[in-house]
Amino acid sequence: LGEARWLARDQFRDRIARVEYNGGWPTMMRTTAADIAHTLWERRGRFTNLLDELPQVAQHGDPAPQNLLGRTDDGERLIAIDWSSLGHGPVGGDLGLYLLHARESFEPLLEAYVLGLPAGVATREEVTLGAQISAVYTALSRAEWALSRIKPGEGPLLAKFRHPAVAPHLRTLQKHAPLVEALLEM
């Protein structure tokens, strides 16, 4: 990609700073996952620094299924749209973001990602770490966002959990519990 000034950089750091500016994860801190949310929130600086230390690679920045339309007629290339977040970021970062929408489990996607990297760019462990941090912090931030938008304030959480706008984010957190556990063990 080169070093064009308009390319996105520090996207994860900027996203976490925005969440911090907006008060962190206060609604998540009132849930049954409060201890997990608290621990990971307190470690956000450490994990952000770990991402900075990983090899930096080209990133789409928003690899959601709606931005990955399919393959070309020859089957060789993926057609991707919405390149507004194109830039550089930690290896595995795009994989972590993609995981939040994927039907597939982590392992086969990790294998495909590692196979697609040029030789010597990063280890499997580095990709795994980048994907874990990106997926977990994004999933928790999105769950906080959804919960805080449903009748904002201190009210009862049970009604918020049942709201159809919140449920997908909570299911994502449940699906990726092994990634959360891996970060908690670090």
Discussion item. I'd like to know how segment 1-158 sits against the 2.2 N^0.38 Å rule of thumb: what's its Cα Rg over that expected value?
Written reply: 1.12
Worksheet item: Where does segment 58-97 land on the Kirkwood hydrodynamic radius, alpha-carbon pairs, in angstrom?
Response: 10.7 Å
Worksheet entry | Reduced Cα scattering model of segment 14-58, Debye log10 I(q)/I(0), q = 0.18, 0.22, 0.28, 0.31 Å⁻¹ | -0.61, -0.80, -1.02, -1.10
Worksheet, complete the sentence: The size of the Cβ-based charge dipole (Lys, Arg +1; Asp, Glu -1) of segment 1-78 about the Cα centre, to the nearest 20 debye, is 320 debye
Response to the item:
Where a ≥ b ≥ c are root eigenvalues of the Cα gyration tensor, a/c under 1.5 meaning rounded, otherwise prolate if a/b exceeds b/c and oblate otherwise, segment 67-129 counts as rounded
Item to complete: Lys and Arg at +1, Asp and Glu at -1: add these up for the other residues within a Cβ distance under 14 Å of Pro55 and post the number.
Response: -4
Practice prompt. Using label points projected 7 Å from each Cα along Cα→Cβ, tell me how many nm separate Ala165 and Arg5, to one decimal.
Written response: 3.9 nm
Worksheet item: Can you give the charge dipole size of segment 44-186 about its Cα centre, rounded to the nearest 20 debye, using +1 on the beta carbon of Lys and Arg and -1 on the beta carbon of Asp and Glu?
Response: 800 debye
Fill in: Three-way shape label, segment 108-154, alpha-carbon gyration tensor, a/c 1.5
prolate
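Values quoted throughout were computed directly from the atomic coordinates according to the rules given, and no laboratory measurement underlies them. This is a predicted model, so every value here is computed, not measured. So basically every Cβ, Gly included, is an ideal-geometry build from the backbone, and we count neighbours across all protein chains shown.
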